[in-house]
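Everything on this sheet refers to the single structure shown next.
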Amino acid sequence: MSTEARPTHRVPHTQDSVSGRRDFLRLLVMVSGGLVLSTGAVAAGVFRRHATGGNRGKRIASSIAPGEAVPFSYPGSDDPAIAVGLADGTPVAVSSVCTHLGCALLWKKDSGQLECPCHEGVFDPRSGRVLAGPPPRPVARIRLEKRDDGIYAVEGPA
Ligand code: FES
């Protein structure tokens, strides 16, 4: 058995290394806390956005006459939509964002269709189906509900 001292690989703790670790842990806790708070804020925003379009819905008009169009936003204020009164008196609604390149759709009372002024896309307001032009898919429909005090958007776009 040797009595020779073995070289140690341990680095002695200095005041600087301890405070450096504390600073690092403090930073880690702050970053983690920030992530938790921002995740909560995003979740709350999503919940609020869906709650806006929840069961109560959003009142968009007192009535919509045949041939009349009512622009509105749903479910959020950045989600443009349009409701139109069909010839039979049925109110229908769709997203008013063209599925081609995102231009705003216009209601054409004479043809009873929604038209995109950018590349002549044409949509059926009842189904959202593409009738002409380059749009690759239908516009999303929004379900409306007639109530005693008006017409509400209650679900969608879907
Ligand atoms: S953006 Fe509507 S047809 Fe092109």
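The values are calculated or read from the model by the stated rules, or taken from the named source; none is laboratory data. Computed from a predicted structure; not experimentally measured. Using ideal geometry, Cβ is built from the backbone for each residue, glycine included, and neighbour counts are taken over all protein chains shown.
Odds and ends about this structure:
- Selection count where residues are at pLDDT 95 or above, touching a Gly at 6+ places or on another chain (Cβ under 8 Å) and surrounded by fewer than 19 Cβ atoms within 10 Å (Cβ to Cβ), scope the range 87-102: 1
- Pairs linking a residue in the range 130-158 that is more than 19 Å from Arg56 (Cβ to Cβ) to a residue that is among the hydrophobic types (A, V, I, L, M, F, W, C) and modelled with pLDDT under 95, with Cβ atoms under 8 Å and 6 or more positions apart or on different chains, are Ala140/Ala158; Arg141/Ala158.
- Among the residues making up the range 113-134, those that are touching a Leu at 6+ places or on another chain (Cβ under 9 Å) and crowded, with 17+ Cβ neighbours inside 10 Å are Gln113, Leu114, Glu115, Cys116, Gly121, Val122, Phe123, Pro125, Gly128.
- Strands (runs of 3 or more DSSP E) wholly inside the range 57-153 containing at least 3 residues that are more than 16 Å from the ligand (Cβ to nearest atom) and of a type in the set (A, V, I, L, M, F, W, C): 69-73
- Every residue from the range 69-90 that is under 15 Å from Gly156 (Cα atoms) and not hydrophobic (A, V, I, L, M, F, W, C): Ser73, Tyr74, Pro75, Gly76, Ser77, Asp78, Asp79, Pro80
- Residue in the range 53-70 that is within 17 Å of the chain's Cα centre (by Cα), at pLDDT 95 or above and basic (Lys, Arg) present: yes
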